[in-house]
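The values are calculated or read from the model by the stated rules, or taken from the named source; none is laboratory data. Quantities reported herein were computed from a predicted structural model and do not represent experimental measurements. Neighbour counts run over all protein chains shown; Cβ positions are idealised from the backbone, glycine included.
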Amino acid sequence: MTDHRFKLGMYLPELGLPFDESLAKAKEIGADYVWFNSLGADDPPMRALDDTEVDRMAERVAGHGLEIFLINIGNPFKQIHLTDLELDTMEEHPAFRQDMADLIRSMQIAARLGIGAVGAFSFAWPGEYTAGKPTWPMRWLTRGGYIADGEMEKLIKAFSLALEQAEQYDVDLALSMMPWNYTNTSGNFRRLAEALNSRRLKVMWGPSDNLNCGEGDVATAGFLNIQPYLYGLHLKDLTVKNGIQCDFAYRPLGDGDVDYPTILRSLRDRRSDAFLSVATHFLPPSGSREEAMRINYTNLKQMIGSI
């Protein structure tokens, strides 16, 4: 079997540096591709950039020998509780309108710069950002949570609206995975994807997020669920201490509970062109986010070498 070349990327905000400094560090650490949702405190908000400033942003990235593989202005639909939206009037909800506007502007930027996809999230379960996590025990015990028919209707409508725009701008829509959002597991994502039935719908797969939500076979059955829609992987690792109590700890890549060697072998065997976007979430004793990223890159390369 010939060697497979993985596409090594980085979620840039993890470094916590000004934009140009983070680009330089990303390249130095080993990334060829980057993903970001803001330019940092020293730059204007991305939604305020005109086309000339967008072109300059792309030049800054290219100047460091990097390519943008995914972009999103802020985090569309990450903080909105789905239960706060009404099916017939969701377009009138102020937060939904703002996030949709940001998502459409992200698509315009992606189309202008030749970026393949934009990122979005899939709304929050009830009470996630207000009163603790009231549905968490149910979600853990059911491998991700039961999505009621009425809530699925809302998801289908919201993402149908977004996918119409994605078709117009000729870009894909890649949904991220979070334990607190509705596509928190490969099973929940697959149910939504099959309902939407769009060639434009992709996923930024988060194996550790799936595992954290009770999907114990994430590297095997989870991979098969996600593989037809795979755009990239959001790589971080964790150890689940007590699942039903949402007790977990982030760990260096390869030191947690996620079976990354099996996932990497499956990607290699299928000659997958998915982007491996390295994140951190843990901190070493030094407290350095840059050191955490270097550790994760070193561990990822060692795992790749081992397969």
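Residue by residue, here is whether (1) basic (Lys, Arg); (2) buried (at least 20 other Cβ atoms within 10 Å of the Cβ); (3) touching a strand residue (DSSP E or B) at 6+ places or on another chain (Cβ under 8 Å) holds:
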{"site": "Arg5", "(1), (2), (3)": "yes, no, no"}
{"site": "Leu39", "(1), (2), (3)": "no, yes, no"}
{"site": "Arg47", "(1), (2), (3)": "yes, no, no"}
{"site": "His64", "(1), (2), (3)": "no, no, no"}
{"site": "Phe77", "(1), (2), (3)": "no, yes, yes"}
{"site": "Leu82", "(1), (2), (3)": "no, yes, yes"}
{"site": "Leu87", "(1), (2), (3)": "no, no, no"}
{"site": "Glu92", "(1), (2), (3)": "no, no, no"}
Point to revise | Residues being in a loop (DSSP other than H, G, I, E, B) and under 16 Å from Asn184 (Cα atoms) - total across the stretch 115-139 | key: 11
Practice item. Find all pairs meeting these conditions: Cβ atoms under 6 angstrom apart; at least six residues apart or on different chains; first residue within the stretch 267-289 and under 17 Å from Ala249 (Cα atoms) and modelled with pLDDT of 95 or more; second residue part of a strand (DSSP E or B) and of a type in the set (Lys, Arg). Key: Phe282/Arg251
Check your understanding: What number of residues within the stretch 12-21 satisfy the criterion of being closer than 20 Å to Leu233 by Cα and either over 17 Å from the mean Cα position of the chain (by Cα) or surrounded by fewer than 20 Cβ atoms within 10 Å (Cβ to Cβ) (or both)?
Key -> 1
Exercise for review: Please note which helices (runs of 4 or more DSSP H) are completely contained in the stretch 203-307 and include at least 1 residues that are under 17 Å from Glu14 (Cα atoms).
Suggested key: 207-212, 289-306
Practice item. Pairs only if they're at least six apart or on different chains, beta carbon under 8 angstrom, first in the stretch 140-153 and farther than 18 Å from Ser186 by Cβ, second surrounded by 16 or more Cβ atoms within 10 Å (Cβ to Cβ); list them, first residue then second. Key: Glu151/Leu82; Glu151/Tyr182
**Study point:** Residue ID - farthest from the chain's Cα centre (by Cα), chosen from residues in the stretch 168-208 that are over 24 Å from Trp136 (Cβ atoms) and surrounded by 20 or more Cβ atoms within 10 Å (Cβ to Cβ)
**Key:** Val171
Check your understanding: When you go through Gly116, Gly127 one by one, which is the residue that is of a type outside the set (Ser, Thr, Tyr) and under 20 Å from the mean Cα position of the chain (by Cα)?
Key -> Gly116
Exercise for review: Scan (1) surrounded by fewer than 21 Cβ atoms within 10 Å (Cβ to Cβ); (2) more than 25 Å from Thr220 (Cβ to Cβ) for the single condition Thr280 breaks and write down its number.
Suggested key: (1)
Review point. Going through the stretch 84-138 one residue at a time, which ones are of a type in the set (Val, Ile, Thr) and in contact with a Pro (Cβ under 9 Å, 6 or more places away or on another chain)?
Key: Val118, Thr135
Check your understanding: Among Ile73, Ile68, Ile104, which is crowded, with 16+ Cβ neighbours inside 10 Å, in contact (Cβ under 8 Å) with a residue 24 or more places away in the chain and either polar (S, T, N, Q) or part of a helix (DSSP H, G or I) (or both)?
Key -> Ile104
Revision key, fill the gap. Apart from one, (1) closer than 30 Å to Ala31 by Cα; (2) touching a helix residue (DSSP H, G or I) at 6+ places or on another chain (Cβ under 9 Å); (3) assigned to a helix (DSSP H, G or I) all hold for Ala95; the odd one out is (1)
